[in-house]
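A.B. asks: Please read through the structure below; I'll follow up with questions.
The values are calculated or read from the model by the stated rules, or taken from the named source; none is laboratory data. What you are looking at is a predicted structure, and each value in this text was computed from that prediction instead of being measured. We place every Cβ from the backbone using ideal geometry, glycine too, and count neighbours over all the protein chains shown.
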Amino acid sequence: MTIAGLLSGLLEVLPAPVVLLLAAGWLTAESGLLIGVVLPGASVAMALGLFARGGAFPLPIAIVTAVVATAVGSQYGYWRGWRATTAGPGRLTRIIDRKVGAEREQRLLAGLRERARWAVGTAHCVAVVRTLVPRLAGRAGVPYRRFAGYDVTGAVVWGTGVTTIGYVAGAAYESAQRLLGLLGLPLIILILVAVLAWRLIRARRARTPERRPDRATTGLR
């Protein structure tokens with residue numbers, strides 16, 4: 001069963017606010033817990049957009065749910081990573097030490113500190129990376145204010161973009177999901193720019209008054 005099918009079944013037996021809470025819990029776990037490396041977060045966010053199109057709840061509510069949930073999860077992941085520096089190595093640290101080695105791990109953390117803006121900001125747009133980078137940022141000692149600013153920005157871009165893709169895709173949801181998996185961040189940015197441009201054009205047309213023929217000129221004719 002697909003994520004969209006699962007949420008559709010839940011909507012048949014549960015109130016929409018409860019389904020939104022369940023989706024939020026899923027997204028929080030995907031970005032904040034290690035089990036998130038195997039959870040399909042983007043599919044849930046796209047499904048929220050799809051059901052918003054069907055009228056289950058407003059699109060802004062779906063977007064806020066996706067953004068807040070994924071941001072809360074990554075903040076928790078950062079805290080877990082930071083805690084590992086004082087409370088001893090956790091599971092992720094032991095895995096990295098075993099697979100990568102201590103020397104390479106230190107280079108990885110140093111590179112993350114130097115490039116925190118791009119690493120943290122774009123991490124939301126890549127599955128698995130979205131789960132691991134917040135913990136690594138905490139371990140690397142990236143200042144919390146810097147991390148929070150970049151992380152929330154990335155969550156807004158990812159949550160808004162992916163949910164909007166699900167809303168716009170409609171019946172082509174599965175094709176859009178596969179395309180998103182291939183293109184990731186570029187597709188999200190492209191969709192956001194296109195939607196923003198469309199709304200600006202509509203707003204400009206609404207503000208532009210219709211030109212009426214000049215009565216004096218019409219009379220001369």
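A.B. asks: Select from the stretch 24-49 the residues that are in a helix (DSSP H, G or I), surrounded by 17 or more Cβ atoms within 10 Å (Cβ to Cβ) and either over 13 Å from the mean Cα position of the chain (by Cα) or of a type outside the set (A, V, I, L, M) (or both) and list them in ascending order.
C.D. replies: Answer for the stretch 24-49, where residues must be in a helix (DSSP H, G or I), surrounded by 17 or more Cβ atoms within 10 Å (Cβ to Cβ) and either over 13 Å from the mean Cα position of the chain (by Cα) or of a type outside the set (A, V, I, L, M) (or both): 26, 28, 29, 30, 31, 32, 36, 41, 43, 49.
A.B. asks: Next up: Restricting to the stretch 50-62, give me the number of residues that are out of contact with any helix residue (DSSP H, G or I) (no Cβ under 8 Å at 6 or more places or on another chain) and assigned to a helix (DSSP H, G or I).
C.D. replies: 1
A.B. asks: Next question. I'd like to check which helices (runs of 4 or more DSSP H) are fully inside the stretch 95-159 and have at least 1 residues that are on the phi < 0 side of the Ramachandran plot, hydrophobic (A, V, I, L, M, F, W, C) and modelled with pLDDT under 80.
C.D. replies: 102-114, 116-123
A.B. asks: Next up: Say we look at the stretch 8-31 and pick out the residues that are in contact with a Phe, Trp or Tyr (Cβ under 7 Å, 6 or more places away or on another chain) and at pLDDT 90 or above; which of these is farthest from residue 82 (Cα to Cα)?
C.D. replies: 16
A.B. asks: Which residue pairs have Cβ atoms under 8 Å apart, sit 6 or more places apart or on different chains, and have a first residue in the stretch 56-82 that is touching a residue at least 24 places away in the same chain (Cβ under 8 Å) and surrounded by fewer than 20 Cβ atoms within 10 Å (Cβ to Cβ) and a second that is part of a helix (DSSP H, G or I) and of a type in the set (Phe, Trp, Tyr)?
C.D. replies: Listed by first residue and then by second, the contacts come to 57/51; 59/167.
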